[in-house]
Amino acid sequence: SQVRTQKNLSIEAVKLVDKNGKVTDKFMQGDPLTIRIKVDESQKNTQIKSYVIGLAIHDSDDISLAGPNSLGHTFNTDKKIVEYNIPSIPFNLGEYYLTVALYNEDATEIQDLIDKDISFFVNTKEVKHGKFVLDGIWKNH
């Protein structure tokens with residue numbers, strides 16, 4: 001279900017980009033994934049000079065798997081594009097849902113929210129158990 005609120009700044013677009021720079025919603029486990037967020041300046045409030053982006057990734061059972069945010073990184077309102085790069089997708093085979101939140105500079109007031117309205121699918125080369133693939137190394141001594 002789509003929940004969308006808007007205040008002074010808004011999210012214009014969210015794109016998921018694969019290792020070849022192609023916008024897609026299908027990925028392989030272990031491949032990189034870039035989440036590209038475009039912030040709309042048309043409703044820009046001159047009092048807001050920077051902003052914070054928060055992400056949440058849920059699985060098909062609505063379990064929250066990750067929730068990174070940009071608090072501590074400064075994104076000025078004169079920059080329209082923010083990217084979050086995942087170098088190696090850790091998720092196992094399945095459908096995942098992305099939430100993107102746009103906050104004011106100290107993350108005290110939400111400006112825009114796209115709640116689990118962006119989905120993507122992760123495929124695997126072999127069947128593995130669990131929600132994540134750990135890149136651990138076995139050793140025998």
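The values are calculated or read from the model by the stated rules, or taken from the named source; none is laboratory data. Here the structure is a predicted model, which is why all the values come from computation and not from measurement. With ideal geometry, Cβ positions are generated from the backbone for all residues, glycine too; neighbour counts draw on all protein chains shown. Calculation scope for accessible area: heavy atoms of the full protein, side chains included, ligands and nucleic acids excluded. Shrake-Rupley method; radii C 1.70, N 1.55, O 1.52, S 1.80 Å.
Quick look at the values:
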quantity	calculated
Filter result (hydroxyl-bearing (Ser, Thr, Tyr) and open to solvent by 80 Å² or more (accessible area, probe 1.4 Å)) within the range 61-79	THR74
Filtered residue count, the range 93-119, keeping only those that are in contact with an Asp or Glu (Cβ under 9 Å, 6 or more places away or on another chain) and either crowded, with 19+ Cβ neighbours inside 10 Å or not aromatic (Phe, Trp, Tyr) (or both)	13
Residues satisfying the stated conditions in the range 74-96, i.e. under 19 Å from ASP40 (Cα atoms) and in a loop (DSSP other than H, G, I, E, B)	THR74, THR77, ASP78, LYS79, LYS80
Any hit, the range 46-55, residues being open to solvent by 70 Å² or more (accessible area, probe 1.4 Å), on the phi < 0 side of the Ramachandran plot and touching a residue at least 40 places away in the same chain (Cβ under 8 Å)	yes
